[in-house]
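Chemist: The structure under discussion is supplied below as C-alpha cells; questions concerning it will follow.
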Amino acid sequence: MKTDLTPSHLAFVPFVSVHNMMRLVNTMGAEGFITELAAYIEEDFKRWPEFDKTPRVASHSHEGVIELMPTADAELYGFKYVNGHPKNMKEGFQTVTAFGVLSSVSNGYPVLLTEMTILTALRTAATSALVGRYLAPEGSKVMAMIGNGAQCEFQALAFRALCGINTLRLYDIDPAATAKAKRNLEGQGFDITTCTSGQEAVEGAQIVTTCTADKQYATILSDNMIGRGQHINAIGGDCPGKTELHKDILLRSDIFVEYPEQTRIEGEIQQLADDHPVTELWKVMRGEAQGRRDAAQITLFDSVGFAIEDFSALRFVRDKVDGTDFAEPLDMLADPDDPRDLFGMVQRAKG
C-alpha cells in the first residue's frame with residue numbers, strides 16, 4: 001500500500017497565472033507576442049475542416065452572459081470560460097474575464113490551465129489584424145477606433161504589427177476612456193488624434209474599428225459615416241440583441257465571418273435574413289474564396305470570436321511556456337497509486 005502522499009508527476013498541470021502571462025507578454029514584447037500568435041491562428045484557420053465546431057454555449061441574464069467555447073482537433077481539446085458583463089466597470093469589475101484549458105484527446109488529461117482575460121484581448125487583436133491583412137485597403141495607414149476601453153490598445157498594436165497602421169483617430173462617449181487610450185498609445189509611439197464624435201473619427205481612416213460594451217442594439221456607425229473602400233473591423237457585437245452598425249452598412253458591404261452558425265446569432269448579421277450571403281474567413285485564407293477584390297469595395301469583418309481562435313491561443317501559450325518558469329505546476333488531478341482506489345487515497349490523506 002502506498003503511504004507516501006506526495007503527488008506524482010501525473011497530478012500536476014502547467015498553470016499560467018495572470019502574473020506570468022504579463023511576464024511572458026513583456027518578455028516577448030506585445031507586438032512580438034501578437035505576431036507569433038497570429039501565425040498560430042492563421043495556421044489553424046487553414047486547417048478549419050479538421051476541427052469540431054459548435055456555437056458557444058451561452059447563459060444569458062439581464063446582467064450579462066457567461067459562455068463556454070469548446071473545440072477539438074484529433075490531438076487536443078480546448079475550451080474557454082468567458083463572461084461579458086457591461087455593467088461591471090461601474091462596480092469595479094472587469095467587463096470580460098476568462099480562463100482556458102487545453103487537454104489531450106488521447107487520455108483526457110489537461111496539459112495547460114491558463115488565465116485568458118489578457119490572452120483573449122491579445123487573440124482578439126491578433127485575429128482582427130490578421131483578417132485586416134486579407135481585407136484592408138492596400139497601403140492603409142490610418143485607423144479609427146470607436147470605443148476606447150480595455151481592447152483598444154491591443155487592437156492598435158496588432159494593426160501596427162501586422163498591417164503597418166501607426167496613425168489612430170480615437171473616440172469614446174466617455175472622454176476618460178479616450179484620455180486613457182491616448183496616454184497609453186502615445187507611450188507606444190503612435191500618432192494620435194482624439195475626436196469629439198464617431199463621424200469625426202472615421203474621416204480619413206482606411207480601417208474603422210468598433211469596440212463598444214453596451215449590451216443592446218446600437219448604431220455606433222450610421223450609413224453616412226462609411227465610404228467607398230473602407231474596411232470595418234466590427235468587434236463589439238458578440239451576443240444576441242447587441243449590434244453596432246446600421247443595417248444599411250451591412251447591405252453595402254462584403255461581409256466576412258468566422259463561423260456563420262454563431263455569427264448569425266450574435267453578430268451584426270443578426271439584423272439580416274438567415275440566407276444573406278457571407279464569406280467564411282478560413283476559405284479566404286486557404287485561397288478558396290476572394291477577400292478584397294478592389295479599392296472601392298467595403299469589407300466588413302463581423303467578428304464575434306470563435307473557439308478555434310482560443311484553441312490557437314492555448315496551443316501557442318503551451319508551446320511558449322514549455323520548459324520555462326512562465327508556468328507553475330498545479331496539483332490539480334487526483335492520481336491514486338491504484339486507479340481503482342480513489343477512496344483509499346482520500347482515507348490515507350487523514351494521516
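Chemist: How many residues are touching a helix residue (DSSP H, G or I) at 6+ places or on another chain (Cβ under 6 Å), buried (at least 21 other Cβ atoms within 10 Å of the Cβ) and part of a helix (DSSP H, G or I) if we restrict to region 132-160?
Modeler: 9
Chemist: Let me ask you something else. Taking residue 193 and the conditions (1) without any contact (Cβ under 8 Å) to a residue 12 or more places away in the chain; (2) touching a helix residue (DSSP H, G or I) at 6+ places or on another chain (Cβ under 9 Å), which numbered condition does it fall short on, given that it satisfies the others?
Modeler: Status for residue 193: all satisfied but (1).
Chemist: Name the single residue, out of those in region 262-278 being under 22 Å from the mean Cα position of the chain (by Cα) and more than 18 Å from residue 44 (Cβ to Cβ), that is surrounded by the fewest Cβ atoms within 10 Å (Cβ to Cβ).
Modeler: This residue is 265.
Chemist: Which of the following residues is in contact with a Leu (Cβ under 6 Å, 6 or more places away or on another chain) and not in a strand (DSSP E or B): 212, 178?
Modeler: Residue meeting the stated conditions: 178.
Chemist: Identify all residues within region 175-225 that are among the charged types (D, E, K, R) and in contact with a Gly (Cβ under 8 Å, 6 or more places away or on another chain); write none if there are none.
Modeler: 215
Chemist: Would you confirm, using the coordinates I've provided, whether residue 185 is assigned to a helix (DSSP H, G or I), within 30 Å of residue 74 (Cα to Cα) and under 21 Å from the mean Cα position of the chain (by Cα)?
Modeler: Answer is no for this residue.
Chemist: Confirm whether residue 82 is free of Cβ contacts under 8 Å to residues at least 60 places away in the same chain and either surrounded by 14 or more Cβ atoms within 10 Å (Cβ to Cβ) or touching a His at 6+ places or on another chain (Cβ under 6 Å) (or both).
Modeler: Considered against the rule, which asks whether it is free of Cβ contacts under 8 Å to residues at least 60 places away in the same chain and either surrounded by 14 or more Cβ atoms within 10 Å (Cβ to Cβ) or touching a His at 6+ places or on another chain (Cβ under 6 Å) (or both), residue 82 comes out as yes.
Chemist: Going by what's in this entry, would residue 67 be described as in a loop (DSSP other than H, G, I, E, B) and not aliphatic (A, V, I, L, M)?
Modeler: No.
Conditions (1) acidic (Asp, Glu); (2) within 23 Å of residue 221 (Cα to Cα); (3) in contact (Cβ under 8 Å) with a residue 60 or more places away in the chain, marked per residue:
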site: 282; (1), (2), (3): no, no, yes
site: 301; (1), (2), (3): no, yes, yes
site: 307; (1), (2), (3): no, no, yes
site: 312; (1), (2), (3): no, no, yes
site: 315; (1), (2), (3): no, no, yes
site: 330; (1), (2), (3): no, no, yes
site: 343; (1), (2), (3): no, no, no
site: 350; (1), (2), (3): no, no, no
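Chemist: On the given criteria, is residue 14 surrounded by 15 or more Cβ atoms within 10 Å (Cβ to Cβ), touching a residue at least 12 places away in the same chain (Cβ under 8 Å) and over 19 Å from the mean Cα position of the chain (by Cα)?
Modeler: When the stated conditions are applied, residue 14 passes them.
Chemist: Could I ask something else about it? Taking into account only those residues within region 161-175 that are assigned to a helix (DSSP H, G or I) and in contact (Cβ under 8 Å) with a residue 12 or more places away in the chain, which is nearest to residue 232 (Cα to Cα)?
Modeler: Step by step, filter region 161-175, then rank; the result is 163.
Each row is one residue, and each column tells you yes or no for (1) in contact with a strand residue (DSSP E or B) (Cβ under 9 Å, 6 or more places away or on another chain); (2) over 21 Å from residue 206 (Cβ atoms); (3) of a type in the set (Phe, Trp, Tyr).
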| site | (1), (2), (3) |
| --- | --- |
| 219 | yes, yes, no |
| 239 | yes, yes, no |
| 245 | yes, no, no |
| 255 | yes, no, no |
| 261 | no, yes, no |
| 267 | yes, yes, no |
| 276 | yes, yes, no |
| 279 | yes, no, no |
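Chemist: Considering 236, 241, which residue is of a type in the set (Gly, Ala, Ser), surrounded by fewer than 14 Cβ atoms within 10 Å (Cβ to Cβ) and either assigned to a loop (DSSP other than H, G, I, E, B) or within 21 Å of the chain's Cα centre (by Cα) (or both)?
Modeler: 241
Chemist: Mind listing whichever residues of region 73-89 are out of contact with any strand residue (DSSP E or B) (no Cβ under 9 Å at 6 or more places or on another chain) and either of a type outside the set (Lys, Arg) or more than 19 Å from residue 239 (Cβ to Cβ) (or both)?
Modeler: Correct list: 74, 86, 88, 89.
Chemist: Report whether or not residue 247 is more than 19 Å from residue 159 (Cβ to Cβ), buried (at least 18 other Cβ atoms within 10 Å of the Cβ) and among the basic types (Lys, Arg).
Modeler: No; evaluated as a whole, the condition is false for this residue.
Chemist: Taking the conditions exactly as written (loosely packed, with under 15 Cβ neighbours inside 10 Å and touching a Pro at 6+ places or on another chain (Cβ under 8 Å)), does residue 295 satisfy them or not?
Modeler: Spelling it out, residue 295 is indeed loosely packed, with under 15 Cβ neighbours inside 10 Å and touching a Pro at 6+ places or on another chain (Cβ under 8 Å).
Chemist: To continue, here is another question. For the structure I just gave you, tell me whether residue 53 is closer than 12 Å to residue 307 by Cβ, among the basic types (Lys, Arg) and crowded, with 20+ Cβ neighbours inside 10 Å.
Modeler: no
Chemist: Going by the structure shown, is residue 63 of a type outside the set (Gly, Ala, Ser), touching a residue at least 24 places away in the same chain (Cβ under 8 Å), outside the structural domain of residue 234 (by TED's automatic domain parsing) and out of contact with any Asp or Glu (no Cβ under 7 Å at 6 or more places or on another chain)?
Modeler: Taking the combined requirement at face value, the residue satisfies it.
The values are calculated or read from the model by the stated rules, or taken from the named source; none is laboratory data. Here the structure is a predicted model, which means the values were calculated and not measured. Note: ideal-geometry Cβ built from the backbone for every residue, glycine included; neighbour counts use all protein chains shown.
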